[in-house]
Amino acid sequence: MRPTWRHLVALAVLALVALDVALGSALSADDREAAEQFARDALRPVADVLARPAVLQECRADPAHLPPSPPRPDGRPSSYYHTCRGRLADADGAVVQIVGVNWFGMETESYVPHGLWARNWRAVLDQVALLGFNTIRLPFSNEALVEGRMPSGIDYELNPDLEGKTSLEVLDMLVDGAAERGLKVILDRHRPTPEGQSELWYTPAVSEERWIADWVKLAQRYRGHDTVIGVDLHNEPRGAATWGSGDLATDWRLAAERAGNAILEANPYLLVFVQGVERYGDDWYWWGGNLRGVRDAPIRLQVPGRLVYSPHLYGPSVYPQSWFQAADFPRNLPLVWNAHWGYVAREGLAPVVLGEFGARSAGDDADGKWQQTLMDYLHRYGIGWINWSLNPNSDDTGGLLGDDWQTVLGQKAQLYRAYAAAPPASGSAEGSEASGGRLVAKVRSSIVDEQSSTLGFVVQVVNDGPEPVKLRDLELRYWFTPELLGASTQQVEVDYAAVGTRNVQAEIEPAGPLILNWSKDLRPAQDERGLAYVKLTFTDAAGALQPYTAGGDILVRVHKSDWSPYRQSNDFSFKPDGELGDWDHVTLYRDGERVWGVEPESADGRRQPAADSGQPAAGGRDRWWMRASEPEGEE
C-alpha cells in the first residue's frame, strides 16, 4: 500500500513518543497513550477503522428507563437519542454521528436566522440536507424568546408564509421544516441579549433565573418533537468562568447542572450539551473549549444518558495559539486535542460533539491543514461535529455559502462531505414537503445613463433548488423600447459569458404582434406599445446550472447602426442603481413557462403570455421590423 500523509503523520507521532520516553517522559501517560492510539489507528486500513458495530446491543435500552415519549406533532411515535459508551444511540441502539452546521442570526437583532432577506427558508433547509449535514445548530438570544417579539431582516416576497409570524413562530416553522427533511436541531443559547455574548451564563440584563426559565419554556414547547434533540446551555463560558471551583457565582459546572436538571425535569428526553471553559488551572485554551476539569469534576445530571460535552475550537487565522507556531504543526495537534477534550470521548466518559469549529480555507495553507487534520481525528474517534457556519457573514471564518447566500464554497463543502454521516432520521411518513427550489434572474445595468447610444446589462441565472437545471431549457428576456429607428438596424452582442459567448444566443424580438402605424416619425420597429425584448437562449454545450449555484455573468450590449440614442428611463428592464441584484423586470422561462419576473402590461392592461403566444406578426413580418424603411409616396 502506498504511504499517505496520514501514515507519515502517524510515524512522526510514534517517533515523537519514542523521543519523549528517551528524554525522560515530559508527556503524561494519558497523552502518550493517546498519541500511540492515534498513530495505530492511522496505520490501519481505513476500512478497519470504520468497522465499528452499527448497532450496539447494550445500547438498545435507554439508561433512563423512561416511559415512551409523547408523540410527534404529526402523531407518529417520537424517537429520541441517548448516550451509551461514549457514543450517541437512537432508540434501536444504532450509533448516531452528528455532522452539522450552524445557521446563526436569531441571537442578533434580526431575531431569526440570517439570510432570509436573500433566500426562501425552505430552500436553505433543502441546501443543508443536500450538502450532507444531518443537524442544524440554531443560536438564539433570550430576547428572541420574548412573547410577541417580531423579527426583521426577512424578505416577505421570498418568504410569504413568515409574514406576521413572531420570532418563536418562525422557529417553530424551521423545526417543522427540518423534520420534513430528516434534519435534527440543537438549540443554542448564544447570547443573553443581541448586544453580544457574555462570559458567564447570567448578566445584569438576564438573570440565572430567567436563563433557566427560558430553557424550561423551550423544553416544554418541543416536548415530543424529536427533531429538537438537544439544548446547548450557554455559548463559550470564559473569563471569570471556572470549572469545579465550587463558587456558585462562577462555577460553570454547577450552573450547567442546575440548568440541565431543570430542563430534564420539563423534558427528560433531550440531550444536554455542555461546553467547557477558557481556563482550567494554569491552562488557557479556546473559549468554551477546555474540558480538562471533566476528569476530576464531571457534570452530574439526574437523568442518565443525556450528557454531551461540546467544546469549541478554531484555526490559526482566528487566533495564533502557540501550538500553531510549533515546528511539528500539524502533527502536534492530536496531542493538544487529546489533552483538552479528546480524552473524554476516547475513554468513553461521555459523547463529545464539537459545537463550533471553522476557518476560511480548507486548502494547503495553515487553516486548511488544521481542518484536514481535525476532520480525520474526529472521524477516527467517533466525535460529532457542527461547523461554523453556513452564513457567509461570519467575520472570522466566512461560511459555506458565498456572499450571495447561494453559491457553495466547494473546497470547504468537499472536505466536510467526505466525512458526512447518514441522516439520523427520515422525514415524515407522507414525504418531505421540501421546496422544489426556484430560478432567479439577477441583473445589473452596465450603463446607467438615462439616455445612451448603447444599452448594456449583465445578467445571471441563479438555481435556488436541489436539482441541476439544463441551460438549454431556459430563455431570458430583457424588455426595452427601441424608439425611433428610421432606416437603421439594431445589433445585439454578447461581449462576455461565463459559459462561453458561443453558447449564448442573442436576438431582438418584438414584444407582441406588430401594428404598423406609418407616420412621418416612422415607428414600425416595435409592438403596439413600443416594446421589444432581447432574447437570450443557450446551446447544449452551455451545460447545466448545478443546485444552489449562481451562473456566471453574461454581458450584453445593444446599439443601433446609426448610434442614435435610447432613452433607458423608458425601458421596463432598466435597473438604474447599477448594482447586481434580483430583478423581476427581467423575465426567465423554463421550457416556455415563465418562472421568474413580471412582463410588461399590454395596451389593454393584461400581462403578456409567458411564452410565444402563437400569434404571427402583422403581415408575417416578425423579423422585418428590425429594419424599417418608409414606403414610397408616404408624406
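Computed log10 I(q)/I(0) for the range 154-264 at 0.18 Å⁻¹: -0.98, from the Debye equation with unit scatterers placed on every C-alpha and solvent omitted. Rg and Dmax of the range 237-349, both derived from C-alpha coordinates alone, stand at 15.1, 51 Å. Over the range 345-424, the pair-distance histogram of Cα-Cα distances with 5 Å bins from zero comes to 3, 14, 24, 25, 18, 10, 4, 1, 0 percent, rounded to whole numbers. Phi angles across the range 327-332 convert, under the Karplus curve 6.51 cos²θ - 1.76 cosθ + 1.60 with θ = phi - 60°, into 3J(HN,Hα) values of 5, 9, 4, x, 5, 7 Hz, Gly and Pro given as x. Pairwise alpha-carbon distances in the range 256-308 exceed 16 Å for 44% of all pairs. In this structure, the amide hydrogen of Trp117, modeled 1.01 Å from its nitrogen in the peptide plane, lies closer than 5 angstrom to those of Asp155, counting only residues at least 5 positions away or on a different chain. Using the structure shown, list the pairs from Lys412/Lys442; Lys369/Lys442; Lys442/Lys560; Lys165/Lys442; Lys184/Lys412; Lys412/Lys470 with a Cα-Cα distance above 31 Å, or answer none. The pairs that break the limit, which is 31 Å between Cα atoms, are Lys369/Lys442. Mean silhouette area of the range 51-182, derived from the convex hull of its C-alpha atoms and averaged over all directions, reads 9.9 nm².
The shape of the range 72-132 can be summarised by an equivalent ellipsoid whose semi-axes, obtained from the alpha carbon gyration tensor, come to 29, 15, 13 Å from longest to shortest. Rolling a 1.4 angstrom probe over the range 232-340 with all protein chains present gives an accessible area of which 52% lies on carbon and sulfur atoms. Evaluating 6.51 cos²θ - 1.76 cosθ + 1.60 at θ = phi - 60° for every residue in the range 458-475, the Karplus couplings come out as 10, 10, 10, 10, 10, 9, 9, x, x, 10, x, 10, 6, 5, 5, 8, 10, 9 Hz, glycine and proline recorded as x. Accessible surface calculations at 1.4 Å, restricted to protein heavy atoms, place the range 288-342 at 35 Å² per residue. Close amide H pairs (under 5 Å, H built 1.01 Å from N) link Lys470 with Leu545, residues at least 5 positions away or on another chain. Give the calculated FRET efficiency between Asp172 and Asp540 to the nearest 0.05, with a Förster radius of 56 Å applied to their Cβ-Cβ distance. Given R0 = 56 Å and the Cβ-Cβ separation, E is 0.80. Taking amide H positions as modeled 1.01 Å from N, with prolines and chain starts lacking one, the residues under 5 Å from Asn387 and 5 or more places away or on another chain are Gly100, Val101, Asn102.
Only protein atoms count toward the accessible area here, which uses a 1.4 Å probe; on the range 87-191, the carbon and sulfur part of that area reaches 49 percent. Computed on protein heavy atoms with a 1.4 Å probe, the accessible areas place Lys369, Lys165, Lys535 in the order Lys369, Lys165, Lys535, largest first.
Averaged per residue, the range 355-414 has 30 square angstrom of accessible surface, using a 1.4 angstrom probe with ligands and nucleic acids left out.
For the peptides 544-554, 104-114, 489-499, the ranking by packing is 104-114, 544-554, 489-499, with the highest mean count of neighbouring Cβ atoms within 10 Å listed first. Overall shape of the range 157-199 was characterised from the C-alpha gyration tensor. The equivalent ellipsoid obtained from it has semi-axes of 24, 17, 8 Å, in decreasing order. Per residue, the accessible area of the range 119-270 comes to 30 Å² when a 1.4 Å probe rolls over the protein heavy atoms.
The values are calculated or read from the model by the stated rules, or taken from the named source; none is laboratory data. What you see is a predicted model; the values in this text were computed from it and never measured. Backbone-built Cβ (ideal geometry, glycine too); neighbour counts: all protein chains shown. The protein model used for the area step is the full one, side chains on, heavy atoms only, and it has no ligands, DNA or RNA in it. Shrake-Rupley method; radii C 1.70, N 1.55, O 1.52, S 1.80 Å.
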